[in-house]
Amino acid sequence: MQSNMLDGVRVVDFTQFVAGPSCTRLMAEMGADVIKIEMAPNGDLCRIIPTIVDGRSAYFAQHNLGKKSICLDLRNPEALSVAKDLIKTADLVVESFSPGVFARLGLGWDVVHDLNPNAIMCSISAFGQAGPRSNMPGFDYIAQAVAGVTHMIGEEDRAPSLPGVAVGDIGTGITALAAVMTALFHRERTGGNGQHLDISLLDFYFYCHEINVQISSTSNGEVKPMRSGSQHPIVAPIGVYKGPEGYIVILVLGDQWERMCRAIDKEEWIDDPRFATTESRFDNKHITNEAIENWLARFDTDADAIAALEKARVPVAPIYTVHQAMQDPHLLQRKTVATVNDPIVGAYSVPANPLRFSEFPPEDPPRAPFLGEHNASVLADVLGYAPDQVESLLKTAGFHAENR
């Protein structure tokens, strides 16, 4: 009986940093056998990103939960042969090298497909496998800038800002997961061969423009979407407002406008022509914003103000710090905050797998591997190499492991 949904699915993972590892971490948490191949001698470069506890990176550990690690030198012919043998056993191969690098290592799509016609290969990169920018080095913020997203973040009269979270990396990882699962479903349903998936941060980021692209297009460029700081650029009242203690987000659409007017003692605005339409409310947002903040200032606490708006069914939320979010009863009850028990770092919190299934309730994830922790077991148990062959390869094929 399956203990999780992806039991029996094998993933050979050639990714590092965040976008690729976030995809394969989710698969590992859903039961897939994820074998992470790291380049000797240092492995995934995320292993040096803080917080570091006794040489162990909690950053690396968060993005690689539940995986196995083998560390070898793919430039060594014997090591490359091991990687190819693993690919022959795989349902999925995921790589996040710059376009062309995987092929130069001797593991391009044509090689993977020849080794294992049923395997799906997913390539994750900043700009995609083809196009004028494809060979340029790129990370989250680089793709974000080219996609026109950075331009939309921050105050209009100041330089664009950077988000404080890895929107592109994580979003691309989940996009890759969607593509992978669709390809696996198609393969299983049709009995067809594997295929090559080309997933990029740029494509994900551009898809995030929920309104900007179509407005620019339908106006023939006359409307130029622009960052608007703490207020929505088109609809009001939607934005960040000063509360008695901190800041609060309020969002009003459709008939929520009438609820808002009654809640803040401005019922006369319901029939006021200055606020009759979405456009007119936006044109007069200086009036509504001032009134909202004056009303909020009457309360002793943010919680009291939020409770009054919630009672009126006006969408509202406190702006939590990360620490406050981690302690919120709702996040804790949903297990949105997961606990990892690591032998070096100890017990610490990470964002939980956001995918939820009725037959597989969320559980705290398994720990991440140490560098090269599974060198011998993968050679022996996965590939079935004889003990003397395992011993020889560990000495001659550029394998490396942490001393733990």
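Quick notes on this structure:
- Residues in region 272-314 that are open to solvent by less than 40 Å² (accessible area, probe 1.4 Å) and in contact with a strand residue (DSSP E or B) (Cβ under 8 Å, 6 or more places away or on another chain): 8 in all.
- Qualifying residue in region 189-210 (condition: more than 30 Å from A119 (Cα to Cα) and at pLDDT below 95): yes
- Of the strands (runs of 3 or more DSSP E) lying entirely inside region 234-349, those containing at least 3 residues that are among the β-branched types (V, I, T) span 247-251, 337-342.
- Which listed residue is part of a loop (DSSP other than H, G, I, E, B) and either open to solvent by 10 Å² or more (accessible area, probe 1.4 Å) or touching a Pro at 6+ places or on another chain (Cβ under 9 Å) (or both), from G173, G131: G131
- Exactly one residue out of A376, A401 is open to solvent by 30 Å² or more (accessible area, probe 1.4 Å) and over 29 Å from the mean Cα position of the chain (by Cα), and it is A376.
- Filtering region 69-105 to residues that are out of contact with any His (no Cβ under 8 Å at 6 or more places or on another chain), more than 27 Å from L201 (Cα to Cα) and either in a helix (DSSP H, G or I) or open to solvent by less than 30 Å² (accessible area, probe 1.4 Å) (or both) leaves P77, E78, A79, L80, S81, V82, K84, D85, L86, K88.
- Residues located in region 287-304, provided they are among the aliphatic types (A, V, I, L, M), under 12 Å from K266 (Cα atoms) and touching a residue at least 40 places away in the same chain (Cβ under 8 Å): I292
- Residue list for region 151-170, filter: open to solvent by 20 Å² or more (accessible area, probe 1.4 Å) and either part of a helix (DSSP H, G or I) or within 11 Å of D203 (Cα to Cα) (or both): H151, M152, V167, D169, I170
- Consider region 345-365 and keep the residues that are at pLDDT below 95 and open to solvent by less than 70 Å² (accessible area, probe 1.4 Å). The one that is farthest from C46 (Cα to Cα) is F360.
- Only one entry of R227, R274 meets the criterion of being among the basic types (K, R) and touching a His at 6+ places or on another chain (Cβ under 7 Å), and that entry is R227.
- Selection of region 247-271 for residues being over 17 Å from G229 (Cα atoms) and open to solvent by less than 30 Å² (accessible area, probe 1.4 Å) yields V252, W257, M260, C261, A263, I264, W269.
- Conditions (1) open to solvent by 70 Å² or more (accessible area, probe 1.4 Å); (2) basic (K, R); (3) in a loop (DSSP other than H, G, I, E, B); number of the one not met by R189: (3)
- Flag for F370 being under 28 Å from L86 (Cβ atoms), open to solvent by less than 80 Å² (accessible area, probe 1.4 Å) and modelled with pLDDT under 95: no
- Residue in region 37-59 that is in contact with a Lys or Arg (Cβ under 7 Å, 6 or more places away or on another chain) and not acidic (D, E) present: yes
The values are calculated or read from the model by the stated rules, or taken from the named source; none is laboratory data. Please read these numbers as outputs of a predicted model, since none were measured by experiment. For neighbour counting, all protein chains shown are included, and Cβ atoms are generated from backbone atoms with ideal geometry for every residue, glycine included. When the accessible area is computed, the model is the full protein with side chains, heavy atoms only, and any ligands, DNA or RNA have been set aside. Shrake-Rupley method; radii C 1.70, N 1.55, O 1.52, S 1.80 Å.
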